[in-house]
Amino acid sequence: TTMSSARPWGHLSEHELDFASIGDELMHSIAKLAPHGMGNPTPVFATAGVSLAAEPRVLKEKHLKLRLDHGGSNLWAMGWRMAPLHPSLAAGAAMDAAYAVEADDYWGGWRLNLKDLREAEAQASAAV
């Protein structure tokens, strides 16, 4: 997995979402679409301009655990097999994220299952 500034998210998500919208109502709507599988994939959402709310942690040398912030709302995110991204993640840097939302059975509430994480499109455009 590499951090890329390529867009659009179309191959992953057509659904832009604010973190503040993630809650019981959204999750009940997603549950109505179940069961998820080959013919009915789990919905994937995208949020532009997220930032790190805490130092990312590498788990088992393969995975990333991140605390992401968007508009003052913070959520935990798991990036399975995304540890190679760790050196490129800077606190406060704007990123775009694609993810599925799932119940956090350990801590309660909701967490993000990252599908992709990249430099924010707006930030990438400004660097050109």
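Things worth noting here:
- Listed by chain and number, the aspartates and glutamates placed with their C-alpha closer than 19 angstrom to that of LYS115 are GLU14, GLU16, ASP18, GLU61, ASP69, ASP96, GLU102, ASP104; residues fewer than eight positions away on the same chain are left out.
- Virtual paramagnetic centre 7 Å along Cα→Cβ of ASP18, amide N under 20 Å, in the range 46-67: 46-53
- Dimensions (Å) - the range 72-117, Cα atoms, principal axes, largest first: 29, 26, 17
- Kirkwood hydrodynamic radius of the range 29-125, from inverse mean 1/r over distinct Cα pairs, in Å: 14.1
- On full extension, the segment bounded by ALA103 and ASN74 gains 9.0 nm, given 0.36 nm per residue less the C-alpha separation.
- Phi to ³J(HN,Hα) by Karplus 6.51 cos²θ - 1.76 cosθ + 1.60 over the range 71-77, Hz, x for Gly, Pro: x, x, 9, 10, 9, 6, 9
- Positive minus negative residues near VAL101 (Lys, Arg vs Asp, Glu; Cβ under 13 Å): -3
- For the range 17-66: accessible area per residue (Å², 1.4 Å): 62
- Derived scalar couplings ³J(HN,Hα) [the range 39-45; Karplus, 6.51 cos²θ - 1.76 cosθ + 1.60; whole Hz; x for Gly, Pro]: x, 9, x, 4, x, 10, 10
The values are calculated or read from the model by the stated rules, or taken from the named source; none is laboratory data. The model shown is predicted, which means the values in this text are computed figures rather than measured ones. Every residue, glycine among them, receives a Cβ derived from its backbone with ideal geometry; neighbour counts consider all protein chains shown. With ligands, DNA and RNA removed, areas are computed over all heavy atoms of the protein, side chains included. Shrake-Rupley method; radii C 1.70, N 1.55, O 1.52, S 1.80 Å.
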